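This report refers to the structure that appears directly beneath it.
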Amino acid sequence: MNDELSVRVVLFRRDASGARVPVYRTDSGDLRESATVLTAPVGVPRAVVRTVLGTEVPAEFAADPWLHRHRALVFADGRCRVGAHELRYHEEFGVYADEEP
C-alpha cells in the first residue's frame, strides 16, 4: 500500500518590490523550470500537502496543459506559511518544513 500524498507546485519568491518572481531560472520565462512536487510523509507533513491541495489552481496555470494541476507557493525571505506549518526554501536543499516548536 502506498500512503504517499503529493501535490505539484510552482515556486515563487517576492522580490524587493513585492512582485512575484519564479524561484528557478527566471531568465528562461518557463514556469516549468520553477515546478516541483511536494510529497508526504517523505518531504513535508501530510497536513501541508492536504492544505496546498485545497487551494485553487491559479488562473494563469489553468489553461496550460503542463501546469493545469499545479498550485503556487510564494516564499518571502525563504519562508512560506501553509496552514499551521512553515515551509522554507533553500537553493541547495529545496523545499522543506520547519519542525513544530
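The values are calculated or read from the model by the stated rules, or taken from the named source; none is laboratory data. Treat the numbers as computed from the prediction; the structure is a model and nothing was measured. Methodologically, a virtual Cβ is constructed for each residue, glycine included, from the backbone with ideal geometry; neighbour enumeration extends over all protein chains shown. Remember, those area values only see protein heavy atoms, side chains included, never the ligands or the DNA or RNA. Shrake-Rupley method; radii C 1.70, N 1.55, O 1.52, S 1.80 Å.
Of the conditions (1) at pLDDT below 95; (2) surrounded by fewer than 16 Cβ atoms within 10 Å (Cβ to Cβ), Val57 satisfies every one except a single condition; which number is it?
Of everything listed in (1) at pLDDT below 95; (2) surrounded by fewer than 16 Cβ atoms within 10 Å (Cβ to Cβ), Val57 misses just condition (1).
Quick check: is even one residue across the range 16-24 of a type in the set (Phe, Trp, Tyr) and touching a Phe, Trp or Tyr at 6+ places or on another chain (Cβ under 8 Å)?
Within the range 16-24, none of the residues are of a type in the set (Phe, Trp, Tyr) and touching a Phe, Trp or Tyr at 6+ places or on another chain (Cβ under 8 Å).
Which of the residues that make up the range 60-89 are crowded, with 19+ Cβ neighbours inside 10 Å and among the charged types (D, E, K, R)?
Hit for the range 60-89 is Arg71, nothing else.
Tally time: how many residues in the range 19-30 are free of Cβ contacts under 8 Å to residues at least 12 places away in the same chain and not polar (S, T, N, Q)?
So in the range 19-30, the residues free of Cβ contacts under 8 Å to residues at least 12 places away in the same chain come out as 19, 21, 25-30.
In the following step, the residues that additionally are not polar (S, T, N, Q) were identified as 19, 21, 25, 27, 29-30.
So the count comes out to 6.
Pick out, from the range 31-86, the strands (runs of 3 or more DSSP E) lying fully within it that include 2 or more residues that are free of Cβ contacts under 8 Å to residues at least 40 places away in the same chain.
Values: elements: 35-40, 71-75, 79-82.
Qualifying strands (runs of 3 or more DSSP E): 35-40, 79-82.
Out of Asp64, Asp98, Asp77, which single residue is at pLDDT below 90 and not polar (S, T, N, Q)?
Exactly one of Asp64, Asp98, Asp77 is at pLDDT below 90 and not polar (S, T, N, Q), namely Asp98.
Scan the range 90-101 for residues that are of a type in the set (Phe, Trp, Tyr) and surrounded by 11 or more Cβ atoms within 10 Å (Cβ to Cβ) and report the count. Steps first, answer last, please.
Step one: filter the range 90-101 for residues of a type in the set (Phe, Trp, Tyr), giving 93, 96.
Restricting the remaining residues to those that are surrounded by 11 or more Cβ atoms within 10 Å (Cβ to Cβ) gives 96.
Summing the residues that are of a type in the set (Phe, Trp, Tyr) and surrounded by 11 or more Cβ atoms within 10 Å (Cβ to Cβ) in the range 90-101 gives 1.
Output yes when any residue across the range 2-16 is at pLDDT 95 or above, among the hydroxyl-bearing types (Ser, Thr, Tyr) and either open to solvent by 40 Å² or more (accessible area, probe 1.4 Å) or in contact with a helix residue (DSSP H, G or I) (Cβ under 9 Å, 6 or more places away or on another chain) (or both), and no when none is.
Within the range 2-16, one or more residues are at pLDDT 95 or above, among the hydroxyl-bearing types (Ser, Thr, Tyr) and either open to solvent by 40 Å² or more (accessible area, probe 1.4 Å) or in contact with a helix residue (DSSP H, G or I) (Cβ under 9 Å, 6 or more places away or on another chain) (or both).
Among the residues of the range 24-40, are any open to solvent by 50 Å² or more (accessible area, probe 1.4 Å) and in contact with a His (Cβ under 7 Å, 6 or more places away or on another chain)?
Within the range 24-40, not a single residue is open to solvent by 50 Å² or more (accessible area, probe 1.4 Å) and in contact with a His (Cβ under 7 Å, 6 or more places away or on another chain).
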